[in-house]
Amino acid sequence: MTTNTKTQKKKSELWGWIKAILIAFIAVFIIRNFLFAPYIVKGTSMEPTLHNTERVFVNKTVDYFGDYKRGQIIVLDGEDRSTHYVKRLIGLPGDKIEMKNDQLYVNGKKVSEPYLESNKKKAEADGTLLTPDFGPLTVPKGKYFVMGDNRQNSMDSRNGLGLFTKSDIQGTTSFVFYPIQDIRLLNH
């Protein structure tokens, strides 16, 4: 083999590695920004469904292939876009939301919230309501109403975070992947 052939073979091999690395970086960029991304849960507002420091995958494809549905767990951008909130989607644009005697009503219909059972039992034992009465309120066009599952300890659309737009929603989550012993699918 000539020196020229060896040099061409090394250049070809190097170029192959460079292409593979570039393709990998592009794939990671596309997946993270448009399909799925990991997020860390911060705080206790979604307990017992999600716990502080758990890591979840966020499905960003809903924006492209469907609509958000009541009851889904979503990840939202805060005002500064560097803060994220994990909350449950309660009201869609145009929905009438009301809480009476610890029961959620959307558009006049009672909503079953089985994910709140353990929190309701704790509140009852303390002689309080899990969720104080509010409403009725109508979610404005283009806005979304969210609440945490730990209603007594959640800043959400009722008390400080306000309403969100579709562009504030990063996506939905239904899978906890860390800590490893707590890997699970989330029921909505």
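Quick one: in segment 133-162, of everything that is aliphatic (A, V, I, L, M) and assigned to a strand (DSSP E or B), which residue is farthest from the chain's Cα centre (by Cα)? Break it down into steps so the answer makes sense when it comes.
Initial filter on segment 133-162 (aliphatic (A, V, I, L, M)): 137, 139, 146-147, 155, 161.
Now restrict to residues that are assigned to a strand (DSSP E or B): 137, 146-147.
Numbers: Leu137: 24, Val146: 11, Met147: 12 Å.
Applying the filter and picking the extreme gives Leu137.
Applying the set (1) among the charged types (D, E, K, R); (2) more than 23 Å from Lys60 (Cβ to Cβ); (3) surrounded by fewer than 20 Cβ atoms within 10 Å (Cβ to Cβ) to Lys166 leaves exactly one unmet item: (2).
Residues of segment 58-76 being among the hydrophobic types (A, V, I, L, M, F, W, C) and in contact with a Gly (Cβ under 9 Å, 6 or more places away or on another chain), which ones? Can you show your working first?
At the first step, the residues of segment 58-76 found to be among the hydrophobic types (A, V, I, L, M, F, W, C) are 58, 62, 65, 73-76.
Within segment 58-76, Val58, Val62, Ile74, Val75 qualify.
Can you confirm whether Phe175 is surrounded by 14 or more Cβ atoms within 10 Å (Cβ to Cβ) and farther than 18 Å from Tyr39 by Cα? Talk me through it step by step, then tell me what you get.
Numbers: surrounded by 14 or more Cβ atoms within 10 Å (Cβ to Cβ): yes; farther than 18 Å from Tyr39 by Cα: no.
For Phe175, the condition - surrounded by 14 or more Cβ atoms within 10 Å (Cβ to Cβ) and farther than 18 Å from Tyr39 by Cα - is not met.
Tell me, please, whether a residue that is closer than 18 Å to Gly66 by Cα, in a helix (DSSP H, G or I), in contact (Cβ under 8 Å) with a residue 40 or more places away in the chain and of a type outside the set (S, T, N, Q) can be found in segment 168-183. There is at least one residue in segment 168-183 that is closer than 18 Å to Gly66 by Cα, in a helix (DSSP H, G or I), in contact (Cβ under 8 Å) with a residue 40 or more places away in the chain and of a type outside the set (S, T, N, Q).
In segment 12-70, of all residues being modelled with pLDDT of 90 or more and among the polar types (S, T, N, Q), the one that is nearest to Tyr178 (Cα to Cα) corresponds to Thr53. Val146 meets each of the listed conditions (1) surrounded by fewer than 22 Cβ atoms within 10 Å (Cβ to Cβ); (2) touching a strand residue (DSSP E or B) at 6+ places or on another chain (Cβ under 6 Å) apart from (1). Per the listing Phe57, Phe65, the residue uniquely in the same structural domain as Asn107 (by TED's automatic domain parsing) and surrounded by 15 or more Cβ atoms within 10 Å (Cβ to Cβ) is Phe57. When segment 138-174 is filtered for residues that are modelled with pLDDT under 95, among the hydrophobic types (A, V, I, L, M, F, W, C) and under 19 Å from Glu113 (Cα atoms), only Met155 remains. Residues in segment 107-143 that are crowded, with 19+ Cβ neighbours inside 10 Å, among the hydrophobic types (A, V, I, L, M, F, W, C) and within 19 Å of Thr49 (Cβ to Cβ): Leu116, Leu130.
Looking at Gly43, Gly16, just one residue is surrounded by 13 or more Cβ atoms within 10 Å (Cβ to Cβ) and free of Cβ contacts under 8 Å to residues at least 40 places away in the same chain, and that residue is Gly43.
Looking only at segment 36-50, residues that are more than 12 Å from Thr173 (Cα to Cα) and either of a type in the set (Phe, Trp, Tyr) or out of contact with any helix residue (DSSP H, G or I) (no Cβ under 8 Å at 6 or more places or on another chain) (or both) come to 3 in all.
Where strands (runs of 3 or more DSSP E) fall wholly inside segment 1-119, the ranges with 1 or more residues that are over 12 Å from the mean Cα position of the chain (by Cα) and closer than 17 Å to Leu161 by Cβ are 84-91, 96-100.
The values are calculated or read from the model by the stated rules, or taken from the named source; none is laboratory data. Keep in mind it's a predicted model, so treat the numbers as computed, not measured. Cβ: placed from backbone, ideal geometry, glycine included. Neighbour counts: every protein chain shown.
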